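Just so it is clear, none of the values below were taken in a lab; they were calculated from the coordinates. A quick note: this is a predicted structure, and the numbers were derived from the prediction, not measured. No Cβ is skipped: glycine too gets one built from the backbone with ideal geometry, and neighbour counts run over all protein chains shown.
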Amino acid sequence: MARKVIFDKKNVLVIGGAGFIGSHLCDELIKTSKVICLDNYASGNVNNISHLLQHPNFAFIRHDIVNPFDLEALPELEIFQVRFQGIQEIYYLACPTVQLGFEEFAVSTIKSNSLGIINALGIARKYESKCLFTSTHSVYGDPLEGQESFSEDYWGFVDMLGDRACYNNGKRFAETVIDTYHRTYHIDTKIARIFNVYGPRMRLNAGRMIPDFVRAAIDHRDLVIYGDGSVQDNYCYVDDLIQGLIILMQSSVNDPVNLGNPETHPIIEIAKKIIELTESKSNIMFEDAISGLTKSALPDITRAKHLLGWFPVTDIAVGLERTVADMLGSRVLTYVPPQSTKQS
């Protein structure tokens, strides 16, 4: 179909927009665009987008993207004039990211990484939209002996039948789908391989290290480190990631791009800093590592620097202060656990 005319601001569809990263993306996009946020609340939270619900250029649609739907048939989107203007950009962030209790979301995860992305690309094809898929460092699998970082040209070493294969290999399959549509239908697609991200609005009690540390510290309970706390890990503040996603969307780059922070910090030092920031009396305890999680390796962000001019700028101390301050506020008190979306 012919490319639509943009009346005033471009229409942007954010699939998975009520989640941790998606809601921050909506916050930034609403400054320049009309934003349609779609989410089924599998692991997102209404509190993440409640401040946007009255914005004239924002609309929320509760829907599971694994089921097809027609944007033009939704009365709440009349102000977006989708029939006449179409959709200019699609960000695909729909995938549960729970670590503890992951098994409940296994089927939803594999459907999101297959049926969901295919449906999103169908929308992109209809409206000739650009489409950005948020992939993960998990597509690289565990690092080989002596391998300290992952670059985008590394194929990875992943167990297709592992405990979390529906996520790790699901993302790999979704990248293949994205690339196939790009080659076949000439859709302008983007792939962002995201490494560890933290910041305000992270879900609590889901096996994510930093929010679980904060919650335990607030309650003066022991901070549990899964595995050896001396292990180094990398942490990218969410604001830096959002800038990377938006820059990638506006670029001419179609190859995968790593987005993460190559600096490392010992996990035990992160725990100690959170205890300090919360003025907690908590102790640090150690338990066995969570089964199926890929081991850590650093992101090689050479491509992001050279092609996008992007690199993270937020210091870990500043990022942790902002994250803890947010979690000490009302979001901790209003937290609702994610609901399973098991389907037959």
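Measuring between their Cα centroids, the stretch 31-61 and the stretch 82-141 lie 16 Å from each other. Listing 264, 176, 189 from fewest to most neighbouring C-beta atoms within 10 Å gives 176, 264, 189. Straightening the chain between residue 115 and residue 144 buys 7.3 nm, computed as 0.36 nm per residue apart minus the Cα-Cα spacing. Close amide H pairs (under 5 Å, H built 1.01 Å from N) link residue 135 with 192, 193, 194, residues at least 5 positions away or on another chain. Of the residues 194, 68, 247, the one whose Cα sits farthest toward the positive end of the charge dipole of the chain, with +1 on the Cβ of Lys and Arg and -1 on the Cβ of Asp and Glu, is 68. Averaging 1/r over each pair of different alpha-carbon atoms in the stretch 111-161 and inverting the result gives 13.3 Å, the Kirkwood hydrodynamic radius.
Restricting attention to the stretch 127-277, close to 20% of DSSP beta bridges with both partner residues there are antiparallel.
In a solvent-free Debye calculation with one equal scatterer on each Cα, what is log10 I(q)/I(0) for the chain at q = 0.10 Å⁻¹, listed in the order of the q values? The calculated log intensity ratios at q = 0.10 Å⁻¹ are -0.58.
Each residue, residue 281 and residue 79, gets one label point 7 Å from its Cα in the Cβ direction; the gap between the two is 5.1 nm.
Please compare each pair in 31/273; 31/272; 9/126 to a cut-off of 26 Å on the Cα-Cα distance and tell me which ones are over it.
With Cα atoms farther than 26 Å apart: 31/273; 31/272.
Packing here is the average count of other Cβ atoms within 10 Å per residue, and on that basis the peptides 251-260, 162-171, 87-96, highest first, run 87-96, 162-171, 251-260. Computed over the stretch 30-133, the alpha-carbon pair-distance distribution with 10 angstrom bins reads 13, 45, 33, 8, 0, each value a whole percent. The trypsin sites (Lys or Arg not before Pro) of the stretch 181-233 that DSSP puts in a loop, and whose beta carbon has at most 16 other beta carbons within 10 Å, are 221.
Positive end of the dipole of the stretch 136-185 (Cβ unit charges, origin at the Cα centre): among 180, 162, 150, the Cα lying farthest that way belongs to 180.
Just how large is the dipole of the chain about the Cα centre, in debye to the nearest 20, putting +1 at every Lys and Arg Cβ and -1 at every Asp and Glu Cβ?
Roughly 1120 debye, rounded to the nearest 20.
Taking amide hydrogens as placed 1.01 Å from N in the peptide plane, the amide H of residue 223 sits under 5 Å from those of 283, 284, 285, each at least 5 positions away in sequence or on another chain.
Projecting the Cα atoms of 268, 217, 50 onto the charge dipole of the chain (Cβ charges, centred on the Cα centre) puts 50 farthest toward the positive pole.
Note down the magnitude of the dipole of the stretch 1-86 about its Cα centre, charges +1 on Lys and Arg C-beta and -1 on Asp and Glu C-beta and zero elsewhere, to the nearest 20 debye. The partial results should precede the final answer.
Numbers: 8 positive and 9 negative charges, 65 e Å.
Here the stretch 1-86 has a charge dipole of around 320 debye.
By other beta-carbon atoms within 10 Å, ranking 51, 137, 182 with the fewest at the front produces 51, 182, 137. When the convex hull of its Cα atoms is viewed from all sides, the stretch 135-194 shows a mean projected area of 4.5 nm².
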